[in-house]
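No value in this document is a laboratory result; all are computed from the given coordinates. Keep in mind it's a predicted model, so treat the numbers as computed, not measured. Here the Cβ is made from the backbone with ideal geometry for all residues, glycine too, and neighbour counts use every protein chain on show.
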Amino acid sequence: MALDIPSGLIYWVDTVGQTVNRGAMDGSGMVEVLYSGLVDTWDIELDRQGGKVYWIDRGGITICRGDMDGNGPL
């Protein structure tokens, strides 16, 4: 789980559904699935200045990156 306190957002990986998600820290609004169809996701970190979210794919033993707004992984 990673917090974007200035924006009031929380980001997390769902290791069962294999998704990267975000939602409001106060519980309001919908949970948004940013990335899906992932394999064995684990951990998550944010680069607020760069606008990137990073997570680990333990299946392929890689570090994945995407935009914090949900644009496609790079």
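A few points about this structure:
- Residues in region 27-33 carry Karplus couplings, in order, of x, 7, x, 8, 7, 10, 7 Hz; the curve used is 6.51 cos²θ - 1.76 cosθ + 1.60 with θ = phi - 60°, and Gly or Pro positions show x.
- Karplus-derived HN-Hα couplings along region 10-20 (A = 6.51, B = -1.76, C = 1.60, θ = phi - 60°), whole Hz, x at Gly and Pro: 10, 10, 7, 9, 9, 6, 7, x, 6, 9, 10
- 3J(HN,Hα) couplings calculated from phi for region 59-72 with the Karplus curve 6.51 cos²θ - 1.76 cosθ + 1.60 (θ = phi - 60°) are, in sequence order, x, x, 6, 9, 9, 9, 9, x, 7, 5, 8, x, 5, x Hz; Gly and Pro show x.
- For Leu9, the residues whose modelled amide H falls within less than 5 Å of its own, excluding neighbours fewer than 5 places apart on the same chain, are Asp4, Met25.
- Rounded if a/c under 1.5, otherwise prolate or oblate - region 1-61, Cα gyration tensor axes: oblate
- Residues of region 1-26 with amide N under 16 Å of a point placed 7 Å along Cα→Cβ from Arg58: 1, 13-20
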